[in-house]
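The values are calculated or read from the model by the stated rules, or taken from the named source; none is laboratory data. Because the structure is predicted, anything quoted here is derived from the model rather than measured. Note that each Cβ is placed from the backbone with ideal geometry, even for glycine, and that neighbours are counted across all protein chains shown. Side chains included, ligands, DNA and RNA excluded: accessible areas come from the protein's heavy atoms. Shrake-Rupley method; radii C 1.70, N 1.55, O 1.52, S 1.80 Å.
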Amino acid sequence: MKNKVLFLLFLAMTSAGVNAQKPYTVQSPNGKLTVTVNTGERLSYAVKHENTVVLAASDIAMELDNGKVLGVPAQTSSVETRSANQTIEAPFYKRNKVKDEYNELIISFKGNYKVIFRAYDEGVAYRFDCGLSKPYQVVAETADFNFDEDYTAWVPYVNARKGEGDFIQQQFFTSFENTYTITPLSQMEPERLVFLPALVELKDGKKVVITEADLEAFPGLLLRNESGRTGFTAVHAGYPKVEEQGGHNNLQYVVKERENYIAQVKGKRAFPWRCLVVSERDGDLANSDLVFKLASPCRVDDLSWVKPGKVAWDWWNNWNIYGVPFKAGINNDTYKYYIDFASKYGIEYVILDEGWAVNKQADLFQVIPEIDLVELVNYGKERNVGLVLWAGYAAIDKDMEHVCQHYSEMGVKGFKVDFMDRDDQKVVEFYYRMAAMAAKYHLFVDFHGAYKPTGLSRTYPNVLNYEGVYGLEQAKWDNEGDLVLNEVTIPFIRMVAGTFDYTQGAMKNAQRSSFAASWGEPMSQGTRCRQLAEYVIFESPFNMLCDSPSNYLAEDECTQFIASVPTVWDETVVLDGKVGEYLVVARKKGFHWYVGAITNWEERDLEVDLMALPGFGAKSGRIFRDGVNANRVGKDYVAEQVQVWGNKVKVHLAKGGGAVMVF
């Protein structure tokens, strides 16, 4: 806090001594978005979408440890503009080609730095680019987000219990999992931090989502409103000074003391993009490519070995298989059962979650005696099923290359890495080291206990998925959480940043009145068809089947469908939707269109217009829809042929319901 006060004092002292310079502007290719940049005493920018103010004048700056402040004063030395219109190949994404078209404003300043502003049709972004060649430290960053009125915001607060000491510091340790608080900007809780993405409702039905992209060797951006104003200010975790191994089962590094700066910089570099995704209709948010487009290009030469797919998961269903002659649990017999199930349905992977390595040792070479990994790998290989291993952050970080080489040579296909629970610079650097090391040994990665995606999956496409979401695992212990509302919210906010591991697929489905959290035999909120539709709605190249193989075997029709749904796509079209209410998404793979729809706790009749789907000409398809009693018994469903009349299909969704169609 002391550094922030000094920084603000420096801003005030310098504001009187510099002559204002003219504003500069850059527009999106379609001309609807305009960024206006003001230089002179300090650097600020504002954004409009046609006549709607997206962002009022907002200061941006960076304070370095040498006393230099980038952006104060903001004395320009040169200004240039450029445009780009190109196509990015995207092999493991929601579309296989991404159109990357933007206009760019590059302002160079005295002091050997520049700021780059980009305007896309779907949003705007800026970043600092510093040309200093000697190492330095970033003490603080100013990144304000000011709004012209007291709009409603959807914010995910950091979950943290206030203890002794600095509450802000305590909030730098978090799993980035929470539901959204809907609040006027001025009434936000002043002591609580907000992790990204966050959404603000503007005028004329427009909305803006704040996030960041290309986060490398820099702490993640958090937000705060401590003064009751109509906006946010940036907060960053300080660089870790003292860490101790500990936390969950000794699998984490816990920060005991932080430096009075936020980042160490080795020399010339571009800093992360600060992004505003702007929509005229809510559905556009659920289909944004902005974070992907702003990420650094692919650094892996050969991607032929990366195989997205589905995975049979053990932890959520508590290893509860039945009708077998052996005792279920973390043992070879149980995992062979999972492998046999996966093989039967063409499911690509089985994961061994927490428990296969000796507890609290943080040593991935200490395997419990009930598990023979070589035997399981070979058993799976004979059945075209790959194994994935869960690993705690500290356990894999302390011996990363040895672990990756050993298990790659054994035949393991990837790692689910968990419990980072931070986004300071050291942890962000771990993500990049882990991604690169895994790629070296042809392993893919699923990050849990993770901050939101910032485009790493474009840079290292072997990073298939992230958590950083309030997911279905919460149904194991949280009786108060509203998963149905959450599921019609996260595609418009969290999914703007990228993929997430929500872990859907429950076969026990409950309406609100009959739901109860259960650790041993968990259930979902809403209907069975909702669970099926979420395999189309949610972006997830490495997609879990959360329930027990025994339950899936008893529900063959639904399991056959889940197993058949692709996890990466050729094209995506969001047909309709409203934040917190409902969503209809269509995705294409090969010659098939998959259409998923989900609603909140309100029954809903939808007329799905398929005219917007390129090349669509089907007259009929197959539908899974809520049964007539789905409002009473969540698993009630009907699977049947559906007719297309005038490129439209009518469908009724039960409370907490869903539907999914294949054409």
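Observations, loosely collected:
- Scanning segment 425-441 for residues that are of a type in the set (Ser, Thr, Tyr) and either without any contact (Cβ under 8 Å) to a residue 24 or more places away in the chain or touching a strand residue (DSSP E or B) at 6+ places or on another chain (Cβ under 9 Å) (or both) yields a count of 1.
- When the test is whether a residue is open to solvent by less than 10 Å² (accessible area, probe 1.4 Å), of a type in the set (Val, Ile, Thr), at pLDDT 95 or above and over 27 Å from LYS440 (Cβ atoms), VAL311 does not pass it.
- Residue in segment 40-62 that is outside any strand (DSSP E or B), more than 15 Å from PHE128 (Cα to Cα) and in contact with a Lys or Arg (Cβ under 7 Å, 6 or more places away or on another chain) present: yes
- Filter result for SER343 (closer than 30 Å to VAL115 by Cβ, open to solvent by less than 60 Å² (accessible area, probe 1.4 Å) and among the small types (Gly, Ala, Ser)): no
- The C-beta contact set for segment 51-77 (first residue closer than 17 Å to VAL138 by Cβ, second residue in a loop (DSSP other than H, G, I, E, B) and open to solvent by 40 Å² or more (accessible area, probe 1.4 Å), distance under 7 angstrom, 6+ apart or interchain) comprises ASP59/ARG42; ALA61/ARG42; GLY71/ARG42; VAL72/ARG42.
- Checking THR499 against (1) closer than 19 Å to VAL584 by Cα; (2) open to solvent by 10 Å² or more (accessible area, probe 1.4 Å); (3) in a helix (DSSP H, G or I), the condition it does not meet: (3)
- Residue check for VAL579: modelled with pLDDT of 95 or more, open to solvent by 70 Å² or more (accessible area, probe 1.4 Å), of a type in the set (A, V, I, L, M) and out of contact with any Pro (no Cβ under 6 Å at 6 or more places or on another chain): no
Okay, residues lined up against (1) farther than 22 Å from SER524 by Cα; (2) β-branched (Val, Ile, Thr); (3) exposed (fewer than 14 other Cβ atoms within 10 Å of the Cβ):
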site: PHE591; (1), (2), (3): yes, no, yes
site: ARG604; (1), (2), (3): no, no, no
site: ALA612; (1), (2), (3): yes, no, yes
site: PHE616; (1), (2), (3): yes, no, no
site: ASN647; (1), (2), (3): yes, no, no
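- Every test in (1) in contact (Cβ under 8 Å) with a residue 24 or more places away in the chain; (2) surrounded by fewer than 21 Cβ atoms within 10 Å (Cβ to Cβ) is passed by PHE326 save one, and that test is (1).
- Residues that are closer than 24 Å to VAL69 by Cα and buried (at least 21 other Cβ atoms within 10 Å of the Cβ) within segment 22-41 comprise VAL35, VAL37, THR39, listed in sequence order.
- Scan of segment 283-308 for residues that are open to solvent by less than 10 Å² (accessible area, probe 1.4 Å) and either free of Cβ contacts under 8 Å to residues at least 24 places away in the same chain or of a type outside the set (Gly, Ala, Ser) (or both), ordered by number: LEU285, LEU290, VAL291, LEU294, VAL306
- Residue count for segment 404-448, restricted to those that are surrounded by 19 or more Cβ atoms within 10 Å (Cβ to Cβ) and among the polar types (S, T, N, Q): 1
- Subset of segment 159-173 (residues that are over 17 Å from ILE490 (Cβ atoms) and either under 23 Å from the mean Cα position of the chain (by Cα) or of a type outside the set (Asp, Glu) (or both)): ALA160, ARG161, LYS162, GLY163, GLY165, PHE167, ILE168, GLN169, GLN170, GLN171, PHE172, PHE173
- Selection within segment 92-131: residues that are β-branched (Val, Ile, Thr) and under 16 Å from THR25 (Cβ atoms). The member of this set that is surrounded by the most Cβ atoms within 10 Å (Cβ to Cβ) is VAL124.
- Taken as a whole, the structure places ARG258 among residues that are within 19 Å of GLN171 (Cβ to Cβ), in contact (Cβ under 8 Å) with a residue 60 or more places away in the chain, open to solvent by 20 Å² or more (accessible area, probe 1.4 Å) and over 24 Å from the mean Cα position of the chain (by Cα).
- Residue match in segment 424-442 (condition: of a type in the set (Ser, Thr, Tyr) and farther than 27 Å from ALA160 by Cα): yes
- Taken over segment 517-548, the criterion of being assigned to a helix (DSSP H, G or I) and of a type in the set (Asp, Glu) is satisfied by GLU534 alone.
- Test: residue in segment 442-455 that is assigned to a helix (DSSP H, G or I) and in contact (Cβ under 8 Å) with a residue 24 or more places away in the chain: no
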